[in-house]
1. Using a 10 Å Cβ count of at most 10 others and DSSP loop calls, identify the longest part of chain A lacking such GluC sites (Glu not before Pro).
2. Taking beta carbons within 10 Å but only from partner chains, what does the mean come to for residues A:161-174?
3. Leaving out ligands and nucleic acids, note down the accessible area per residue over segment A:26-377 with a 1.4 angstrom probe, in whole Å².
4. Would you grab the residues whose amide H sits under 5 Å from the one on A:Asn192? Only those 5+ places off in sequence or on another chain, please, with H modelled 1.01 Å from N.
5. With a cut-off of at most 14 other beta carbons within 10 Å, and DSSP calling the residue loop, which chymotrypsin sites (Phe, Trp or Tyr not before Pro) in segment A:135-181 qualify? Please list them.
6. By how many nm would the segment from A:Ala78 to A:Ile92 grow when fully extended, if each residue of separation counts as 0.36 nm and the alpha-carbon distance is taken off?
7. Using modelled amide H (1.01 Å from N, peptide plane; none on Pro or chain starts), what sits under 5 Å from the amide H of A:Lys330, excluding residues fewer than 5 places away?
8. At 1.4 Å probe size, what's the solvent-accessible area of B:His50? Round to the nearest 10 Å².
Amino acid sequence: MAATKRLLLAFALLLPLIVQAEVLAPDRLDVMYHSYDGGGATIDGPSVLIRKNIGNSVAVSANYYVDMVSSASIDVLATASEYTEERTEYSIGAEYLNDRTIIRAGYTSSEENDYSAQTGSINISQSFFGDLTTLTLGMSYGEDTVGQNGNTEFEEDVARRRYQLNLTQILTKSLIAAFNFESAVDEGFLNNPYRQVRYLDPNAAQGYSYQKELYPETRNSDAAALRAIYYLPYRASLRADYRLYEDSWGIEASNWELRYTHPWGERWLFELKYRSYEQTQADFYSDLFPYRDAQNFLARDKELSEYTSDTIGLGVTYYVPEQWLWVFDKSTVNLYWDNFQFDYENFRNVLAEDAVVGEEPMYNFDANVIRLYFSFWY
Amino acid sequence: MKYLSRGMLLLAMPLLLSACSPWVKPYERAHLADEVMSFDRDPIANGYLHHVYEAREAARGADGASGGGCGCN
């Protein structure tokens, strides 16, 4: 009997640990202006994200996002003329919480004048071992319709599938780590209907001509990432990320990142980061093919070439005093700036003057990305 | 009574295991709950940066963000 009592007592003491359930994230509104400027392209626009809990177990969210594009990139200048376009994206999502399980479903619709995409996603998260471990399994399916301006006859489809596994683990009272794995399968028209490859042409005045690029109709990829955040002896954190990637087009990539986050006083939070990315080229990529139709598949997209990219990021968050915006529980103003430097190993700058064909200097450019956003918790 | 105790212990084992195994107790998680320890502190800003990465890099996926790509070309 005494043993039973001890057992019941132990059970009662441990009960708070056992029944400590997950909770949904708080209600929140974010309004952002985003801007990308680099390589002759500027893309900017607004994004608004709102999230609202309904009771203790259901949350809904919606996102409105616009990309306003003005492009005179090297591809555009080499084979076409500057253009502007706009992409509008709407997303809705819902979450259902039951004890330690969260089920999420989402739908995104993206429209531009020559491309439309619809994507549905679902995932399920479960926490284990006293909420030290959280496992999330997810998948998404998207259908895209590819068009071409000036060619009403042209319409192609793409089907996109993604499968995700995320494992988050609390390792110590100051260290949390995550493992992410994702497989993607794309089928359909995967090249860009406007982009062209160049090939040596002795009959052309400049020594080369262009023809349309042609990609395989399937692309499978796997990516795995490890991340960790460590709470430093004072109130600040250091984050490290590493990701490996490979796909059926022969591209292998990796990136790593270090991020330092440092609050200052009650009102400020600063962030500093460095990210390094590198990739090999696709099997069917070439900057200059030896002749027309040189291969079954042809690509000269610089994103399929071999290159490195380095990014430095700085950010600041200001916590607005409550009395200034008393209708909200908490408000922040945030400004984040990232500078990307892209250095291509086998994509040449065809705009370089007086260069021998195939010996033009390698292309490089830098881009500035701004995120200015206001967040309100209510 | 002995069998009852053992039976209860057996029934409680999975619960006890899940409760005993947290080597970081809930009351020791103050640092972990701090927003500087979040992988996704501001989803709107995080999601946008992943959109930039996917548009400018061949690699995609395993970025910790939910959803299924940007649907852009």
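1. A:1-152
2. Going residue by residue through A:161-174 and averaging, the value is 4.
3. On a per-residue basis, 48 Å².
4. Excluding prolines and chain starts, which carry no amide H, there are no hits.
5. On the way: sites: A:Tyr141, A:Phe154, A:Tyr163, A:Phe179, A:Phe181; in loops: A:Phe154.
Loop-located and lightly packed - A:Phe154.
6. Working: separation 14, 0.36 × 14 = 5.04 nm, distance 3.91 nm.
Roughly 1.1 nm would be gained on extension.
7. Those qualifying (amide H under 5 Å, at least 5 residues apart or on another chain) are A:Trp377.
8. 30 Å²
The values are calculated or read from the model by the stated rules, or taken from the named source; none is laboratory data. Note that the structure is a prediction, hence the values are computed from the model and not measured. Using ideal geometry, Cβ is built from the backbone for each residue, glycine included, and neighbour counts are taken over all protein chains shown. Surface areas here come from the heavy atoms of the whole protein model, side chains and all, with no ligands, DNA or RNA. Shrake-Rupley method; radii C 1.70, N 1.55, O 1.52, S 1.80 Å.
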